[in-house]
Amino acid sequence: MEFGMPTLLALESLEENAALCARLRLAFVEINMNLPEYQVHVLRKHGLPRPGGIFYTLHLDENLNPFDFNPLVRSAYLQTTLDAIAFAREQGIPVLNMHMPQGVYFTLPGRKMYLFDRYYDAFITAVREFRTAVAQEIGGSGVKICLENTVFSGMPRLRSALEVLLEADCFHFTYDAGHDHSEGGAARAFYQKHQTRLAHIHLHDAGSAGSHLPLGQGDVDKTAVLETANRRNCRVVLETKSPEGLLASVQWLQERNYMA
């Protein structure tokens with residue numbers, strides 16, 4: 001297994017994140033593209049530091065919604081994705097992590113009405129167009145778009161949209177173990193059904209104190225997740241939010257011989 005870390009707000013630069021990654025003997029940094037300094041044009045200008053031979057994955061902007069009903073908004077998000085893919089191909093970045101947007105919902109008496117459900121034909125047309133454009137940009141490069149479970153118990157027709165994206169070989173899954181634990185395992189059966197497309201894992205502990213906890217401080221079945229990661233040859237991001245939490249997670253793994 002290859003273990004990596006997210007970009008941490010406590011660190012001032014990508015250089016500092018890369019140095020910590022190398023010092024902890026992790027393999028990669030997942031660059032969070034919500035931050036202004038981690039936009040493609042900035043990263044391309046300054047380059048990617050690689051101390052100790054580390055590499056990078058990309059976490060696309062969490063607001064990314066290439067299925068928006070407004071064609072101008074949809075086009076901007078699609079171009080943002082295509083630019084990130086082109087950068088990934090240039091830099092040898094293997095994975096782009098993407099939250100699957102579920103759009104706006106209206107709160108009605110006793111239920112939520114997701115507009116992507118209410119206007120499913122328009123939504124799924126945009127999903128197919130996105131799938132085609134992304135697959136064309138990726139070509140034979142081997143770059144993967146990994147779709148992450150976030151609020152899997154939300155939009156009822158989310159699963160069918162994910163399966164439409166899976167019709168292109170470049171789409172895979174990121175399993176976020178902490179989010180799924182907090183949702184009571186809502187994503188588990190779907191991910192088991194599509195386990196051959198699992199390529200990336202976000203691992204953090206979760207429990208009554210919340211999620212994104214260091215390993216060992218919550219109730220996630222870490223052993224089962226790591227066994228899956230090993231069996232499926234997945235990269236694993238230790239998705240804590242501070243250097244101290246990251247160090248605690250690394251030590252937890254070392255104590256159990258998952259890391260040297």
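The values are calculated or read from the model by the stated rules, or taken from the named source; none is laboratory data. Note that the structure is a prediction, hence the values are computed from the model and not measured. As a convention, Cβ positions derive from the backbone with ideal geometry for all residues, glycine included, and neighbour counts pool all protein chains shown. Quick note on the areas: whole protein, heavy atoms, side chains included, nothing else; ligands and nucleic acids left out. Shrake-Rupley method; radii C 1.70, N 1.55, O 1.52, S 1.80 Å.
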Test: GLU129 is assigned to a helix (DSSP H, G or I), modelled with pLDDT of 95 or more and closer than 30 Å to ARG50 by Cβ: no
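Evaluate the following for GLU129: is it open to solvent by 60 Å² or more (accessible area, probe 1.4 Å), more than 26 Å from GLU30 (Cβ to Cβ) and out of contact with any helix residue (DSSP H, G or I) (no Cβ under 6 Å at 6 or more places or on another chain)?
When the stated conditions are applied, GLU129 passes them.
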Identity of the residue in segment 85-107, open to solvent by 60 Å² or more (accessible area, probe 1.4 Å) and not in a helix (DSSP H, G or I), that ends up farthest from PRO49 (Cα to Cα): THR107
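Given the condition hydroxyl-bearing (Ser, Thr, Tyr) and open to solvent by 60 Å² or more (accessible area, probe 1.4 Å), answer yes or no: does some residue in segment 57-76 qualify?
Checking segment 57-76: at least one residue is hydroxyl-bearing (Ser, Thr, Tyr) and open to solvent by 60 Å² or more (accessible area, probe 1.4 Å).
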Extreme residue, farthest from the chain's Cα centre (by Cα), among residues of segment 197-211 that are in contact (Cβ under 8 Å) with a residue 24 or more places away in the chain and open to solvent by 30 Å² or more (accessible area, probe 1.4 Å): SER211
Qualifying residues in segment 132-158 (those that are under 17 Å from the mean Cα position of the chain (by Cα) and charged (D, E, K, R)) - the one surrounded by the fewest Cβ atoms within 10 Å (Cβ to Cβ): GLU148
Subset of segment 21-39 [open to solvent by less than 20 Å² (accessible area, probe 1.4 Å) and not acidic (Asp, Glu)]: CYS21, LEU26, PHE28, VAL29, ILE31, MET33, TYR38
Some residue of segment 31-47 being farther than 19 Å from GLU90 by Cα, touching a Cys at 6+ places or on another chain (Cβ under 8 Å) and not charged (D, E, K, R): no
Hits in segment 110-126 - residues which are of a type outside the set (Ser, Thr, Tyr) and either touching a helix residue (DSSP H, G or I) at 6+ places or on another chain (Cβ under 8 Å) or open to solvent by less than 70 Å² (accessible area, probe 1.4 Å) (or both): MET113, LEU115, PHE116, ASP117, ALA122, PHE123, ILE124, ALA126
Some residue of segment 165-185 being at positive phi and open to solvent by 50 Å² or more (accessible area, probe 1.4 Å): yes
Residues being in a helix (DSSP H, G or I) and within 22 Å of ASP221 (Cα to Cα) - total across segment 162-195: 13
When residues of segment 217-251 are limited to those that are assigned to a loop (DSSP other than H, G, I, E, B) and open to solvent by 50 Å² or more (accessible area, probe 1.4 Å), the one farthest from SER182 (Cα to Cα): ASN233
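Restricting to segment 205-260, give me the number of residues that are among the hydrophobic types (A, V, I, L, M, F, W, C) and within 21 Å of GLU148 (Cα to Cα).
13
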